[in-house]
Protein chains: 2
Amino acid sequence: MPFKLTILGCSSAIPTINRNPTAQLMNVNERFFLIDCGEGTQVQLRKYQLSFQRINHIFISHLHGDHYFGLIGLISSMHLLGRNKELHIYAHKELKEIVDLQLKASNTELNYPLFFHSLPEVDETIILEDDNIRISNLILDHSIKCSGFLFEEKRSSRRIIKSNVEKYNVPFDKMNSLKDGADWINPQGEIISNDILTTENSLPHKYAFCSDTRYHESLIEKIKGVDLLYHETTFMKDLEDRAMKTGHSTTYQAAAIAKKGKVKKLLIGHYSQRYKNLEDLLQETKDIFSNTSLSFAGLVIDFKEI
Amino acid sequence: MPFKLTILGCSSAIPTINRNPTAQLMNVNERFFLIDCGEGTQVQLRKYQLSFQRINHIFISHLHGDHYFGLIGLISSMHLLGRNKELHIYAHKELKEIVDLQLKASNTELNYPLFFHSLPEVDETIILEDDNIRISNLILDHSIKCSGFLFEEKRSSRRIIKSNVEKYNVPFDKMNSLKDGADWINPQGEIISNDILTTENSLPHKYAFCSDTRYHESLIEKIKGVDLLYHETTFMKDLEDRAMKTGHSTTYQAAAIAKKGKVKKLLIGHYSQRYKNLEDLLQETKDIFSNTSLSFAGLVIDFKEI
């Protein structure tokens, strides 16, 4: 099943002409999960042709504006565009009051049910779970209450063995059930075991989103072995004191977490607007952890390719 | 003195990739006044190189999101960029609570004084006035409380008569005081009357901003003879019923107000996202009032050239 991340914005507090504030979209089996929603996110979704109405769940890490000022605009546009299905928002509880007040001021009664879920006070609590995905919170160490999110695929589809499927003349419309583990009963009533027709796929994918946070080693165990770790690098290593003071991390610190957590790949972002050349941040991070990429709007990471 | 309007956004409720929601900047004698502040306005200001920190007064017409969802982001960025001088916001009173709640949620104590001024309940009340400018409210007929704004230059500088200034050897550094009406006393103690050195300039400029509103004829007297009328045209003329129902106007209705109000020029905007080709709206409006322009982001109108 698809397990893909699209970056919609990667700036820190102040948006610039070229860098939108934080927002990311996870596509899990064609269901869309939005992570953070900085100002301008709805336009970014349009730009990358990601339909608003396929988003049913939005996760807001914390209530600094660069992570949620675009939410009320998205909620409003969903309404104006005729949405009628439920929308669920997972955030710190103060957000409900903010959204309610704005809807009241514009005399808006939404066409669709909007549910708020307070983020748990206890770390590593499951926030949302179904057959395909489990999403938990990761309490971070920022200047205000802040939560990362861990997305864990619960099972991956089995992989078709093409030669055997052809040999046993399995019709094309049975492929999905084979991927789900079903046996095949041919027109003669013979049972062809799933083991013959498919093979086990890779391990279920895991994505950890960690923004904004100071360096804190207790995170390491929680993100251990994920395929992809997004960890903020607001600053370069020379500004470690400033990072500590403002509740952020440096390139070296993000890389240390990735290395100690033995993650497959590190994605950095939430760059301070002072940095014009992001390659410097990338290079510094790679000094410690080589499999690192810069996030930028429009970047798509397919977990199958990590 | 400069009296210039810059359009930052001209879309109606739903922002699109190419059209930002409503925001306009008036430059009156190098002081910046922001009118409305839809989502993304701070990035638009950057794009057109208009410094945030020169804005001391912000006017919000009403509390539909496409007119103010960008305000909290702008307030936050002004803070993060080290502003310390006062900012004044003129809006319906509910906005104060919305902004206060968002600042509280992010645990932000602004570096600068932020003052809210409730828009008057009585029509055509002066909101702000100094030696150069008088700004009043224009109560509009929308689906929620909504106010237009009338910007009136109080006096225009006198125009220098170059040949006479040269004849009397007036030094260059006295030009501004001549423009302000002062006489010139030469080194011999002779008084050269201002009438000899300058001539009267054009009449003081007037700008009326009217968005969002139904067609209502009581507006005509209030905007009579302005140099520029911005009047919304959310819809084309075939959607007059929809305009009435939603509290908006059509091309024909905006043009009728401009014609009956004998304004010099009409600027239309707040286009429904259904219209891809704005030339159709322009042509329809021009059928009734020929001196009409489309608003678009980046458009600058210098009132001297109207």
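The values are calculated or read from the model by the stated rules, or taken from the named source; none is laboratory data. Since we're looking at a predicted model, the values are computed, not measured. Cβ coordinates were reconstructed from backbone atoms using ideal geometry, including for glycine residues, and neighbour counts include every protein chain displayed.
Only residues that are within 8 Å of chain A (Cβ to nearest Cβ) and not in a helix (DSSP H, G or I): list them for region B:63-78, please.
The answer is B:L63, B:H64, B:F69, B:G70.
State whether the residues of region A:24-33 include one that is within 11 Å of chain B (Cβ to nearest Cβ) and touching a strand residue (DSSP E or B) at 6+ places or on another chain (Cβ under 8 Å).
Going residue by residue through region A:24-33, those that are within 11 Å of chain B (Cβ to nearest Cβ) are none.
Taking every residue of region A:24-33 in turn, none turns out to be within 11 Å of chain B (Cβ to nearest Cβ) and touching a strand residue (DSSP E or B) at 6+ places or on another chain (Cβ under 8 Å).
Suppose the filter is closer than 27 Å to B:E153 by Cβ, of a type in the set (S, T, N, Q) and more than 10 Å from every other protein chain (Cβ to nearest Cβ); does B:T6 pass it?
When the stated conditions are applied, B:T6 passes them.
Tally time: how many residues in region B:186-218 are surrounded by fewer than 21 Cβ atoms within 10 Å (Cβ to Cβ) and of a type in the set (S, T, Y)?
5
List the number of the failed condition for B:N56; all other conditions in (1) in contact (Cβ under 8 Å) with a residue 40 or more places away in the chain; (2) closer than 26 Å to B:L140 by Cα hold.
The number of the failed condition is (1).
Consider region A:34-55. How many of its residues are surrounded by fewer than 16 Cβ atoms within 10 Å (Cβ to Cβ) and away from chain B (no Cβ under 12 Å)?
3
If only one of A:L267, A:L282 is under 22 Å from A:T6 (Cβ atoms), surrounded by fewer than 18 Cβ atoms within 10 Å (Cβ to Cβ), of a type outside the set (S, T, Y) and assigned by TED's automatic domain parsing to the domain that holds A:G9, which one is it?
A:L282
Tell me, which helices (runs of 4 or more DSSP H) wholly within region B:193-306 include 2 or more residues that are closer than 25 Å to B:D131 by Cβ?
So the answer is B:194-197.
If you check every pair at least six apart or on different chains, which have Cβ atoms under 8 Å apart with a residue in region A:120-142 that is touching a residue at least 60 places away in the same chain (Cβ under 8 Å) first and a residue that is assigned to a strand (DSSP E or B) and of a type in the set (S, T, N, Q) second?
Once the first residue is touching a residue at least 60 places away in the same chain (Cβ under 8 Å) and sits in region A:120-142, its partners that are assigned to a strand (DSSP E or B) and of a type in the set (S, T, N, Q) give A:D123/A:N137; A:E124/A:S136; A:E124/A:N137; A:I127/A:S136; A:I127/A:N137; A:L138/A:S147; A:L140/A:S147.
Kindly indicate whether any position in region A:167-185 is among the β-branched types (V, I, T) and in contact with a Lys or Arg (Cβ under 8 Å, 6 or more places away or on another chain).
Taking every residue of region A:167-185 in turn, none turns out to be among the β-branched types (V, I, T) and in contact with a Lys or Arg (Cβ under 8 Å, 6 or more places away or on another chain).
What number of residues within region B:149-164 are hydrophobic (A, V, I, L, M, F, W, C) and touching a Pro at 6+ places or on another chain (Cβ under 7 Å)?
The total comes to 0.
Consider region B:242-260. How many of its residues are within 20 Å of B:D287 (Cα to Cα) and buried (at least 17 other Cβ atoms within 10 Å of the Cβ)?
12
Of all residues in region A:79-99, count the ones that are at the interface with another protein chain (Cβ under 10 Å from one of its Cβ atoms) and over 21 Å from A:C146 (Cβ atoms).
3
Can you say whether B:K104 is modelled with pLDDT of 95 or more, under 27 Å from B:T213 (Cα atoms) and within 14 Å of chain A (Cβ to nearest Cβ), as far as the supplied structure shows?
no
Report whether or not A:E124 is in a loop (DSSP other than H, G, I, E, B) and either of a type in the set (V, I, T) or within 20 Å of the chain's Cα centre (by Cα) (or both).
Yes, satisfied.
Return a yes/no flag: does region A:82-101 have any residue that is at pLDDT 95 or above, under 21 Å from A:T213 (Cα atoms) and part of a helix (DSSP H, G or I).
Yes, region A:82-101 contains a residue that is at pLDDT 95 or above, under 21 Å from A:T213 (Cα atoms) and part of a helix (DSSP H, G or I).
With respect to B:F235, determine if the residue is in contact with a strand residue (DSSP E or B) (Cβ under 6 Å, 6 or more places away or on another chain) and closer than 19 Å to B:S202 by Cβ.
no
Looking at region B:200-257 only, could you name the residues that are in contact with a helix residue (DSSP H, G or I) (Cβ under 8 Å, 6 or more places away or on another chain) and without any contact (Cβ under 8 Å) to a residue 24 or more places away in the chain?
Scanning region B:200-257 gives a single hit, B:E240.
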